[in-house]
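The values are calculated or read from the model by the stated rules, or taken from the named source; none is laboratory data. This structure is a prediction, so every number in the text was calculated from the model and none was measured. Cβ placement follows ideal geometry from the backbone for every residue including glycine, while neighbour counts extend to all protein chains displayed.
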Amino acid sequence: MKGKSRPDLPLYVMLGPTFLWLLIFVMIPLFNVIEISFLTKNPSGGIDFRFSVESYASLFKRDFMLIMYRSFALSLQTAVLCLLIGYPFAYVIANMPRDYRKYFLLFIMLPFWINSVIRIYGWTTLLRMEGVINTLLLTLGIISKPLEMLYTDGATLLGMVYELLPFAVLPLYASIEKLDVSLLEAARDLGATKARTFLRVIFPLTMPGVFAASLQTFIPSLGLFYISEMMGGGSTMYIGNLIKNQFLSARNWPLGAALSLFLILITLILLKLYTKVGKLEDMA
Amino acid sequence: MKQPTISLKNVVKYFEDTQVVKNLNLDIREGEFFTLLGPSGCGKTTTLRLIAGFEILTEGKIFLEGIDVSAKKPNERSVNTVFQNYALFPHMNVEENIAFGLVEKKVKKAEIKQKVAEMLKLVQLEGMEKRMPSQMSGGQKQRVAIARALANDPKVLLLDEPLGALDLKLRKQMQLELKHLQKNLGVTFVFVTHDQEEALAMSDRIGVMNNGVLEQIGTPQEIYNQPVTKFVADFIGETNLLDASVEKVSAGEIYVKMEFGHACLKATGFFQNEMVYICVRPENLKITAGDTPNFHIYGKVKEHVFIGSVSKTVVELANGQEIKLTTPQMENLYPVGAIVNIYWKDDHGVILRTREEQVYTMIENTMRAPGGSDEG
């Protein structure tokens, strides 16, 4: 900033475009959703402009609670699996010679260049009854009857983990790579084995990465609806499908809006929690 | 003779194709303050890391109290390290940091608490148990790092330029404290530094390293007064180096000829016509207006610099070489431009061989011979 000084533009010029963007693409739609959630559904689809809290009341119905519970369970499983797979993955990459790291990080980023629906569709061709894996196993004589892999809850979980793994690996990599090697040497020097060093030094110091990875997998997985539809066959209902259905097939916009707001609320709470943990880490 | 605490035998270390430590042989005695001194990149830190077990030997063996530890992991060696950047665990408070090694050893909680308190007292940080490293100054972190290492009752404490990050005043204070700590505890210290003043002030013995080779091992006095190589003479303190050749050898005395003059030194083992370096410390040089029996090195007084306790005089020889000498007082100075003769007490000058391979033979000989210059 020093040396070449820029002319000071008025605040409204500097913040204006950002504010406008947020207003048009975030605030107005959000208020629209809030508004809809308090209206009444029209039996023939669409909404009636009559105030009602009926959609919020129905959030507490047993069926919905069950779906929410199931969604959270799936998201939790996804987040945990992403951590379990992502941590060793990130650890190995972070400990590679510098020249190799960028290639492996590139491999992780590469799938982002292809639309995720197409990638998930790719999985279905692998897992189908007459898909690549079954054909291969049958030809090799390892199995005599095709395995039922696609359209199971397991397939949904697989798709979720596949889709969200990069979001776990990247923050984990960032925090592992930052580790001061001399701290690990100090732990070894003080008598800790490799495993103990991991437990007492590496893992605690990479907690910010673990938190970031958990959130970045847990939150998006709550909203992903097409994976459970494409890979799980849509037979098991999750909160994402539920919301989608309220808008597209069930035509209950207020309920869909209320469900969406509920999801946003959960996300905000989690983010708040994360920044709190982040602050604690900074203090240490 | 007592078994050395640490013994390095023909230690060689390569990093890829670069030989960083070249055939190092070194015995460190129990309870001594041993310093590895050398310029950056001389292999001193690598040697320390080899002892700690952070680096794996390419060749040779390392013995700890007579036991071969070459293949042992860092956590299996009863040595502890004080790191250059302290390497305190940022997520643990002072107490947890110091207790780290004790927890690994499964020492009882009450005992740990007692030991931590004892260590904090030792490094004068009582009452700081709950502080986080981020809330401490560099000097305090340094003390915690020392306490953390010593809490494990190591046989040897390895210190990798531990005072490098401190400011000068604190550094001087910590030098003395460390020295006293070492003497009181009787733990063997291996200290790495590039600061020759620090090495001279703290050590029982110093090993001077250059290019992966131990050039000389000896007490600070030996290293300073009787350097065995040109590098050591040049690296430790200020010195005047003169190219010369041996003119005449007689019983215990050697007459040397320089480009502009000649001198006489006390030395044995040199041959006629051999090319040598003469090395004399500035404080051992004297000047006079006339001839002296054995010295004939004339030059012109170029300048005087008063630096407090002493004054520095620069004498320029006919070939342009500047000879530096210090005199205790400003009085009796020859005026600038005066022609003077330089001389010294005959045992104040050190004569060194020029050819490197001969120097190395000499070092090896002194190291092998019992009662050689590596004996304090």
- Query: Which condition number does A:Ile85 fail, the rest of (1) under 30 Å from A:Ile202 (Cβ atoms); (2) without any contact (Cβ under 8 Å) to a residue 40 or more places away in the chain; (3) among the hydrophobic types (A, V, I, L, M, F, W, C) being met?
  - Reply: (2)
- Message: Can you report the number of residues in region A:183-208 which are within 7 Å of chain B (Cβ to nearest Cβ), among the basic types (Lys, Arg) and farther than 18 Å from B:Ile51 by Cβ?
- Response: 1
- Item | Those residues of region B:91-119 which are of a type outside the set (Gly, Ala, Ser), facing another protein chain (nearest Cβ under 8 Å) and within 24 Å of B:Leu163 (Cβ to Cβ), in sequence order | B:Phe100
- Query: Could you list, in sequence order, the residues of region B:114-145 that are over 30 Å from the mean Cα position of the chain (by Cα), crowded, with 20+ Cβ neighbours inside 10 Å and of a type outside the set (Lys, Arg)?
  - Reply: B:Val116, B:Pro133
- Scanning region B:265-298 for residues that are over 24 Å from B:Val310 (Cα atoms) and of a type in the set (Asp, Glu) gives B:Glu274, B:Asp291
- Taking region B:67-80, which residues are closer than 20 Å to B:Thr188 by Cα and away from every other protein chain (no Cβ under 14 Å)? B:Ile67, B:Asp68, B:Ser70
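Answer with yes or no whether B:Thr239 is among the β-branched types (Val, Ile, Thr), within 30 Å of B:Gly41 (Cβ to Cβ) and either touching a Cys at 6+ places or on another chain (Cβ under 8 Å) or without any contact (Cβ under 8 Å) to a residue 12 or more places away in the chain (or both).
Numbers: among the β-branched types (Val, Ile, Thr): yes; within 30 Å of B:Gly41 (Cβ to Cβ): yes; either touching a Cys at 6+ places or on another chain (Cβ under 8 Å) or without any contact (Cβ under 8 Å) to a residue 12 or more places away in the chain (or both): yes.
So B:Thr239 fits the description; yes.
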- From the options B:Gly41, B:Gly53, residue that is on the phi > 0 side of the Ramachandran plot and at pLDDT below 95: B:Gly41
- Message: I want to confirm something. Restricting to region A:154-199 and keeping residues that are among the small types (Gly, Ala, Ser) and within 30 Å of B:Leu157 (Cα to Cα), which single residue is nearest to the chain's Cα centre (by Cα)?
- Response: A:Ala195
- Message: Anything in region B:267-288 that is under 15 Å from B:Arg353 (Cα atoms) and surrounded by 14 or more Cβ atoms within 10 Å (Cβ to Cβ)? List them, or say none.
- Response: B:Ala267, B:Phe270, B:Glu274, B:Val276, B:Tyr277, B:Ile278, B:Cys279, B:Val280
- Task: Please find, among B:Leu57, B:Leu50, B:Leu88, B:Leu64, the residue that is in contact (Cβ under 8 Å) with a residue 24 or more places away in the chain, at the interface with chain A (Cβ under 10 Å from one of its Cβ atoms) and aliphatic (A, V, I, L, M).
- Result: B:Leu88
- How about region B:173-183: which of its residues are exposed (fewer than 15 other Cβ atoms within 10 Å of the Cβ) and basic (Lys, Arg)? B:Lys183
- Item | Residue among B:Gly252, B:Gly186, B:Gly164 that is of a type in the set (Gly, Ala, Ser), within 14 Å of chain A (Cβ to nearest Cβ), surrounded by fewer than 18 Cβ atoms within 10 Å (Cβ to Cβ) and out of contact with any Leu (no Cβ under 8 Å at 6 or more places or on another chain) | B:Gly164
- Note on the structure: Counted residues in region A:251-268 being closer than 18 Å to A:Phe60 by Cβ and out of contact with any strand residue (DSSP E or B) (no Cβ under 8 Å at 6 or more places or on another chain) come to 11
- Test: B:Val228 is part of a helix (DSSP H, G or I) and either of a type in the set (Val, Ile, Thr) or surrounded by 20 or more Cβ atoms within 10 Å (Cβ to Cβ) (or both): no
- Check on A:Ser175, surrounded by fewer than 19 Cβ atoms within 10 Å (Cβ to Cβ) and within 14 Å of chain B (Cβ to nearest Cβ): no
- Task: Would you point out which residue out of A:Gly209, A:Gly232 is part of a loop (DSSP other than H, G, I, E, B) and within 18 Å of the chain's Cα centre (by Cα)?
- Result: A:Gly232
- Message: If B:Thr81 satisfies all but one of (1) free of Cβ contacts under 8 Å to residues at least 24 places away in the same chain; (2) crowded, with 23+ Cβ neighbours inside 10 Å, what's the number of the condition it fails?
- Response: (1)
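Among the candidates B:Leu181, B:Leu241, B:Leu166, B:Leu170, which residue alone is more than 17 Å from the chain's Cα centre (by Cα) and assigned to a loop (DSSP other than H, G, I, E, B)? Reasoning before the result, please.
Values: B:Leu181 fails: assigned to a loop (DSSP other than H, G, I, E, B); B:Leu241 fails: assigned to a loop (DSSP other than H, G, I, E, B); B:Leu170 fails: assigned to a loop (DSSP other than H, G, I, E, B).
Exactly one of B:Leu181, B:Leu241, B:Leu166, B:Leu170 is more than 17 Å from the chain's Cα centre (by Cα) and assigned to a loop (DSSP other than H, G, I, E, B), namely B:Leu166.
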- Task: Answer yes if at least one residue in region A:218-227 is β-branched (Val, Ile, Thr), within 30 Å of A:Ala94 (Cα to Cα) and modelled with pLDDT of 95 or more, and no otherwise.
- Result: no
- Item | Checking A:Gly16 against (1) modelled with pLDDT of 90 or more; (2) part of a helix (DSSP H, G or I), the condition it does not meet | (1)
- Query: Among the residues of region A:237-247, is there at least one that is within 14 Å of another protein chain (Cβ to nearest Cβ) and of a type in the set (D, E, K, R)?
  - Reply: no
- Task: Considering (1) away from chain A (no Cβ under 14 Å); (2) closer than 29 Å to B:Leu50 by Cα, say which one B:Leu125 fails and leave the rest.
- Result: (2)
